1. Amide H neighbours of Glu230 under 5 Å, at least 5 residues apart or on other chains, H built in the peptide plane: list them.
2. Counting Lys +1, Arg +1, Asp -1, Glu -1, what net charge surrounds His275 among other residues with beta carbon under 13 Å of its beta carbon?
3. Given Cα pairs under 8 Å that are at least 6 residues apart, what percent is the relative contact order of the range 241-367?
4. In nm, what is the difference between 0.36 nm times the number of residues separating Asp61 and Val330 and their Cα-Cα distance?
5. Give me the net charge for the shell around His377: Cβ to Cβ below 15 angstrom, other residues only, Lys and Arg +1, Asp and Glu -1.
6. Toward the positive end of the charge dipole of the range 257-392, about the Cα centre and with charges on Cβ (Lys, Arg +1; Asp, Glu -1), which of Gly353, Leu310, Ile386 goes farthest?
7. Using mean Cβ contacts within 10 Å as the protection proxy, how do 361-369, 349-357 order, highest first?
8. Determine, for each peptide in 300-309, 49-58, the mean count of other beta carbons within 10 angstrom over its residues, then list the peptides with the highest first.
Amino acid sequence: MCEKVLKINNLGKKYFIGERVSYTALRDVLVSKLKAPFKKAASREKNFIWALRDVTFDVNDGDILGIIGRNGAGKSTLLKILSRITRPTTGSAEIRGRVGSLLEVGTGFHPELTGRENIYLNGAILGMHRTEINRKFDEIVAFSEIEKFIDTPVKFYSSGMYVRLAFSVAAHLEPEILLVDEVLAVGDAGFQKKCLGRMSEVSREGRTILFVSHNMHAVRKLCSRAIFLENGGIEAAGEPGTVINNYLSRVKDAQLSQVWEDMAAAPGNDAIRMHKVQIQLTEDEAEQLTVWTSFKIEFYFWNLEPGLKLNLSMRLYNFENILLFNSTSVFESHWHGKPFKKGLYKSTCYVPGKLLNDGMYYIDLLFIKDTTTRVCHFDNLLTFEIGEEEASRPGKWYGKYVGVVRPFLQWETEYIADPAHETKNV
């Protein structure tokens, strides 16, 4: 029978909303205490928010538990409680074993110490003896791929170097329970793959992992169980595929257009402000987006800095956070390489039909000047769904077509010869 290494019971965390409380004299404290019983409870409560409320679950030894949910759902707060960074307001978290956590870049690192010194510092915090750390040291450094900088103070490290060393330390110093937040997104694709492989190894060694991520593909592939947090509570728990589908169904709020009439309040910066973004069908008879229909994405923006030579870069993701493609306006002949005057512009990207699979998608947009320097970046500008259509399912196949894209490629089949005849010249 599997041993339970985590027992979370009615866990809750309440945060104060408002200005930071300043230091007060003892007289002021006594006066406020005397006034407290006469204040209405409702007025007190509105100054707080529950980041977590009534969260209950168990984790067995050797489990990899994926924790998913929107931003602000309480995922990071949960890991901070389990790593003892903050205390719960209500409930309890019973933890059996040594906990290693990677919640932010460089968690537990002292900026003035070198990478080598921070490895020993983190090991000591985990309760390890120097001989244990010595045994793992070369493996940690090799995995992090920063051997050349191991004796450099970590305050000079880039964010990528930080996360390489921080993850390597957390994964190799043998904590019984490893807490990993979305910080892995800082690393490049190769290192992320390496980290996921290492977490699989850690689990096979009998240790437990709690993995917070927006990468649904990684959660589906790596985790044995998953929980979906929404507004501080558990909405679903169980097999990863089922929980992920539940989560995706909640975030399928298609947003085919956004408009910002007030330039001063529009998203952007001193160089670029968005005015409007929208999706429009390019086929007269089409009524909705399907795998067959083509469409265009129109970006309206204010250029506030005359003389900029701009290109737009659109990134299309599916709801498992997989980048399908990146399309840029560098081949658009009218304005490419020419300085933009101050004013309102419209840029259009045309997407052909018979390309995308059915499912949910979202768009990020970047503005680049001189083809090299990022001016502005807009996340999740639009969310849309590509639907299915009866005509796209010839025959009797009613299942889901696999793949992130679904191009209708040309096929040809020819009759060559009767099998009874000689075919050696074919």
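1. For Glu230, whose amide H was placed from the backbone, the distant partners under 5 Å are Glu235.
2. Values: positive: Arg273, Lys276, Lys346; negative: Glu261, Asp262, Glu298.
Its environment carries a net charge of 0.
3. 25
4. Working: separation 269, 0.36 × 269 = 96.84 nm, distance 5.25 nm.
Result for the pair: 91.6 nm of gain on full extension.
5. On the way: positive: Arg273, Arg315, Lys369, Arg374; negative: Asp270, Asp364, Asp379.
For residues surrounding His377, the net value is +1.
6. The Cα lying farthest towards the positive end belongs to Leu310.
7. On the way: 361-369: 20.0, 349-357: 16.6.
Taking the mean over residues of other Cβ atoms within 10 Å, the ranking is 361-369, 349-357.
8. 49-58, 300-309
Read-outs: derived from the displayed coordinates by stated rules, not from any lab. Because the structure is a prediction, the values reported are computed rather than measured. Because the Cβ atoms are built from the backbone with ideal geometry, glycine has one as well, and the counts that use them run over all protein chains shown.
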